[in-house]
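What follows draws every value from the coordinates through simple rules; no lab data is involved. Given the structure is predicted, the values throughout are model-derived calculations rather than measurements. Please note: Cβ atoms are built from the backbone with ideal geometry, for glycine as well, and neighbour counts cover all protein chains shown.
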Amino acid sequence: MEENYEDYRTVLEEHLPAGDLVYLQAKGDSMSPTIPDGSMVLIRIQEEVENGEIAAVTFNLNAYATLKRVKKQNGITILMPDNPAHEPIVVTRDNPVRLIGKAIRSEQKL
């Protein structure tokens with residue numbers, strides 16, 4: 001995944017969870033109203049998330065990242081938008097994804 005640094009954020013260490021962390025800026029409305037367009041989303045880098053948690057994942061050989069709610073059902077993983085105007089994405093062998101990590105919190109960019 002291409003790293004595009006637009007900004008740095010100063011956060012007190014005691015306000016951060018353990019682990020490797022990165023902020024991503026949400027673009028688009030697929031996770032609205034939970035994560036509005038332009039929000040800064042704190043991601044903990046990890047290989048797995050629980051059913052129902054929001055994850056950052058990459059598609060198309062890491063060409064872009066997206067935030068979606070992970071739904072695991074009968075051995076199938078579905079990436080669900082919170083905005084009903086968008087379609088779910090079914091993860092398949094022909095449509096693979098790579099998990100970046102778990103969304104810990106989002107903040108409106110100032």
For this session: Check every one of the strands (runs of 3 or more DSSP E) wholly within segment 48-110 and list those with 2 or more residues that are touching a strand residue (DSSP E or B) at 6+ places or on another chain (Cβ under 6 Å), in contact (Cβ under 8 Å) with a residue 60 or more places away in the chain and surrounded by 15 or more Cβ atoms within 10 Å (Cβ to Cβ).
Result: 98-107
Problem set entry | Total residues in segment 33-47, condition in a loop (DSSP other than H, G, I, E, B) and either more than 14 Å from Ala103 (Cα to Cα) or of a type outside the set (Ser, Thr, Tyr) (or both) | 7
Problem set entry | Candidate set from segment 17-54 (those that are within 23 Å of Thr77 (Cβ to Cβ) and of a type in the set (Gly, Ala, Ser)); member that is nearest to the chain's Cα centre (by Cα) | Ala26
Exercise. Within segment 73-89, is even one residue over 17 Å from Glu107 (Cα atoms) and touching a Leu at 6+ places or on another chain (Cβ under 7 Å)?
Worked result: yes
For this session: Can you confirm whether segment 19-27 contains a residue that is of a type in the set (Lys, Arg) and either loosely packed, with under 11 Cβ neighbours inside 10 Å or part of a strand (DSSP E or B) (or both)?
Result: no
